[in-house]
Amino acid sequence: MSFLSREATIAKPGFSRWLVPPAAVAVHMCIGQVYAFSVFNKPLSAELGATVSQVNWAYMIALMMLGISAAVFGKWVERSGPRKTMLASCCCFCGGLLLAALGVKLKILWLILFGYGFIGGIGLGLGYISPVSTLVKWFPDRPGMATGMAIMGFGGGALIGSPLAQELMKLFTAGADATAGAALSFDQRLFASLIAPLKEPLNALASGTSSGAMQALITMAGIYACFMLFGAFIIRVPAPGWKPEGYEPKVAASHGMITTASVSVDTAWKTPQFWLLWTVLCMNVSAGIGVLGRAADMCMDMFGVGVAIGAGFTGLLSIFNMGGRFVWSSTSDLIGRKAVYCVYFILGAVLYAILPYTQETQNRTLFVICTALIISMYGGGFATIPAYLKDMFGTYQVGAIHGRLITAWSMAAVIGPSLINGFYDSRVAAGVPKAQAYNGTFYLMCGLLGVGLIANLLVRPVDPKYHVKEMPLA
């Protein structure tokens, strides 16, 4: 077990810090599969005889547990180090997929909710904060860029998880000659040939009519475990006192909003800065997550397009969600965290205010540009907040502080969808055409962004009375 200890992950002299981002991305790309859970909604609904809404509770519980587990286990993550935490994340997340697969076989919905939602959600929280905390310590000179790389992986998890799950379900339910099917492309035939040895034993586990969901969940658990264990194996933490060549913390701190001191997680919890940043993240996420969740429906209702275009629009937003995490967080290294959040809130509110005009004029191009930028800043907000916390509270227990702060994400996952869905439903019930029913919600999102802007403008450096007086060596 000493191999898993924090001491065993301290980097030796000459270790390249650029080996750490691939480890972080490997974990985040795997746990980011949660964004692709919707591909299982209808197959699981058909197999279990449950409604899609009931099945979708697995996704909602997983996101809630992400924030809760990150807050609860944050201090343990800092004590135990990234390798042990990534292994625990792998066991919980991949174990949750296996429990969900068992729930499919036994036709037990609560087992899917418990496995994927509760156990898998704990894996999400552990896997989310540990790589980010480690990257902040390795890149004090460019924390925004570093965390952006990892969290970009989380945002892009659906780009891999969604087609992977769809292809697996298709292959496990296809005939015996699927690998030679003329309709399949070369890469599909290659993928099918790799999965072929698993097909017969896993199909034998399925009882009766199968959608392939059980087999897909088991296979994905194995694939994701390999990549997450790879990340856990190569991860390292810097030695005490290490700093990048040429980096001077006091020079960096001259920007005013960056501290060279540190604050413990239990103290940070009590500062006004923590709750202001909690509000900043909550409002930014609330304004974006509701739109992201209804992107396809919104596009079809507002412009009368077909399902294929609506799905394509959703995919485009996913790309901007992923890219914004890297671009905006890297930008924050140049202009500062407070400034970039002001851009999120002010520009975001302007873009939301333009959206009703795009519907009235049926200007699809402008609609796509505005929503793509909005979602890029939604993703950027996730990637910038760890660096903002590092600026405010130092690197000492930034992972644990980040863990407690992302409970704002759990709250936003309730606020955003509830507001946009509730307002839309009430407008439609009042007789407003579906194409116009979203317009009021866009102005509501402007209000949320206004609250976030005020909270951001109120952020000031942390009072020295909260600083740790004597820093521990590790």
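The values are calculated or read from the model by the stated rules, or taken from the named source; none is laboratory data. For clarity, every value in this text was computed on a predicted model and none was experimentally measured. So basically every Cβ, Gly included, is an ideal-geometry build from the backbone, and we count neighbours across all protein chains shown. These accessible areas exclude ligands, DNA and RNA; they are computed on the full protein's heavy atoms, side chains included. Shrake-Rupley method; radii C 1.70, N 1.55, O 1.52, S 1.80 Å.
Defining a contact as two alpha carbons under 8 Å apart and six or more residues distant in sequence, what relative contact order in percent does the chain show?
RCO, the chain: 24 percent.
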Open item on the list: Using only DSSP helix segments of four residues or longer, with each worth -39500 (n - 2.57), what per-residue ellipticity at 222 nm results for the chain after dividing by its residue count and rounding to 500?
Closed with: -24000 deg cm²/dmol
- [ ] Name the shape class, rounded, prolate or oblate, that the alpha-carbon gyration tensor gives for segment 297-422, where a ≥ b ≥ c are the square roots of its eigenvalues, rounded holds for a/c under 1.5, and otherwise prolate holds if a/b is larger than b/c and oblate otherwise.
- [x] prolate
- [ ] With a 1.4 Å probe and every protein chain kept in, tell me what percent of the accessible surface of the chain is carbon plus sulfur.
- [x] 68
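Helix by helix through the chain, keep the DSSP H runs that span 27 Å or more along the axis on Cα and average at least 1.0 on Kyte-Doolittle, and give those back in order.
82-106, 213-234, 272-293, 364-393, 439-457
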Open item on the list: Given an 8 Å cut-off on Cα distances and at least 6 residues of separation, report the relative contact order of segment 317-474 as a percent.
Closed with: 35
- [ ] Positive end of the charge dipole of the chain (Lys, Arg +1 and Asp, Glu -1 on Cβ, about the Cα centre): tell me which of PHE274, SER80, GLY153 has its Cα farthest that way.
- [x] SER80
- [ ] Provide the packing ranking of 338-345, 12-19, 392-399, 454-461, i.e. peptides ordered by the mean count of other C-beta atoms within 10 Å per residue, highest first.
- [x] 392-399, 338-345, 454-461, 12-19
Task: Charge dipole magnitude, Cβ of K and R +1, D and E -1 - segment 402-474, Cα centre, debye nearest 20 - done: 40
Open item on the list: Which order do the peptides 379-391, 349-361 come out in when sorted by mean C-beta neighbours inside 10 angstrom, highest first?
Closed with: 379-391, 349-361
Task: Charge tally in the Cβ shell below 13 Å around LEU48, where Lys, Arg are +1 and Asp, Glu are -1, LEU48 excluded - done: +2
Task: Net charge of neighbours whose Cβ lies under 15 Å from the Cβ of VAL39, counting Lys and Arg as +1 and Asp and Glu as -1 - done: 0
- [ ] Putting +1 on Lys and Arg Cβ atoms and -1 on Asp and Glu Cβ atoms, find which of SER330, TYR378, SER318 reaches farthest to the positive end of the dipole of the chain.
- [x] SER330
- [ ] Over segment 352-456, give the accessible area per residue in Å² for a 1.4 Å probe, as an integer.
- [x] 32
Task: 1.4 Å probe accessible area per residue over segment 77-166, in Å² - done: 26
Task: Estimated dipole of the chain in Debye, rounded to 20 [Cβ of Lys and Arg +1, of Asp and Glu -1, Cα centre] - done: 800
- [ ] Name the long-range amide H neighbours of ILE10: under 5 Å, sequence gap of 5 or more, or other chain; modelled H, no Pro or chain starts.
- [x] VAL237
Task: Net charge over other residues, Cβ less than 13 angstrom from the Cβ of ILE420 (K, R count +1; D, E count -1) - done: -1
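Order 424-435, 48-59, 312-323 from most to least packed using the mean count of other Cβ atoms within 10 Å.
Going from most to least packed, we get 312-323, 48-59, 424-435.
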Open item on the list: So if I place +1 on the C-beta of Lys and Arg and -1 on the C-beta of Asp and Glu, and nothing else carries charge, what would the dipole magnitude of segment 295-441 be about its Cα centre? I want it in debye, nearest 20.
Closed with: 260
